[in-house]
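Enquirer: Please find one structure pasted underneath; my questions will follow.
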Amino acid sequence: MDIEELLERYAAGERNFRDVDLSLSDLTGANLSGIDLSESDLSNIDFTNANLSRANLNRSMVMSTIFEGADLSYANLSTSDLTECIFNDANLVGVNFSGSEMFTAVLSGANLSGACLNNVGLNVANLVGANLTDADLSGAYLNSANITDANLTGVRNANISGAIIYTTTTSPDGSVVRSRQICE
């Protein structure tokens with residue numbers, strides 16, 4: 001299926017697009033709220049500023065996809081491969097990531113409030129400045145994940161051992177010293 005056909009069928013009210021191959025597509029700014037793309041190949045797609053709120057992307061191959069500034073609030077991305085995805089400044093409120101692999105994913109400034117991150121592999125992920133308020137991190141793996149300036153208020157069942165936090169100190173002479181701490 002090509003992008004034009006998908007957008008036409010979506011505009012006509014169709015929402016079920018399970019098991020499609022949309023890899024290498026550009027869906028920048030697309031409104032696909034409530035779409036079902038489960039079990040699909042969504043690798044290398046540009047979803048910058050797209051609306052995927054309440055979308056179903058579970059059990060999908062989503063590697064190296066860009067979701068920068070996208071709205072994925074309350075979407076289902078469970079048991080998906082999200083390796084190397086970029087979620088900078090994305091709205092991920094209430095998203096179900098349960099059982100997904102997010103190795104080296106970039107989530108800088110993303111809003112993950114209330115997200116379900118049960119058993120998610122966040123190894124080497126970038127969570128700098130992310131909002132994880134009230135997120136559930138039961139069984140999540142954060143080894144070498146950068147959680148500098150992340151909001152962890154109300155986070156449930158978090159094991160941040162192995163995560164990295166950078167602190168910045170300005171010396172009296174004005175020089176900036178950045179140190180790296182590994183959580184134990």
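Enquirer: Rounded to a whole number, what % of the accessible area of the range 33-126 do carbon and sulfur atoms account for, probe 1.4 Å?
Expert: Carbon and sulfur atoms account for 44 percent of the accessible area of the range 33-126.
Enquirer: Take each of the peptides 150-161, 31-42, average the number of other beta-carbon atoms within 10 Å over its residues, and list them starting from the highest.
Expert: Ranked by mean Cβ neighbours within 10 Å, highest first: 31-42, 150-161.
Enquirer: Each label point is 7 Å from the Cα along the Cα-to-Cβ direction; what then is the distance between the points at Asp149 and Leu24, in nm?
Expert: A separation of 3.7 nm, rounded to one decimal place.
Enquirer: Anyone know which of Val120, Val20, Val106 comes out most mobile in the 10 Å Cα GNM of the chain?
Expert: Between Val120, Val20, Val106, it is Val20 that shows the largest mean-square fluctuation.
Enquirer: Please tell me the relative contact order of the chain in percent, rounded to the nearest whole number, where contacts are Cα pairs under 8 Å and at least six residues apart.
Expert: 11 percent
Enquirer: Accessible area per residue, 1.4 Å probe, Å², for the chain: what's the number?
Expert: 45 Å²
Enquirer: How much mean residue ellipticity at 222 nm does the chain get from its helices, if each DSSP H run of length 4 or more adds -39500 (n - 2.57) and you divide by all residues, to the nearest 500 deg cm²/dmol?
Expert: After summing the helix terms and dividing by the residues of the chain, the value is -1500 deg cm²/dmol.
Enquirer: Provide Cys116, Cys85 ordered by accessible surface of protein heavy atoms (probe 1.4 Å), highest first.
Expert: Cys116, Cys85
The values are calculated or read from the model by the stated rules, or taken from the named source; none is laboratory data. Nothing here was measured: the structure is a model prediction, and the numbers come from that model. Note that each Cβ is placed from the backbone with ideal geometry, even for glycine, and that neighbours are counted across all protein chains shown. Note: accessible area is taken over every heavy atom of the protein model, side chains too, but ligands, DNA and RNA are not part of it. Shrake-Rupley method; radii C 1.70, N 1.55, O 1.52, S 1.80 Å.
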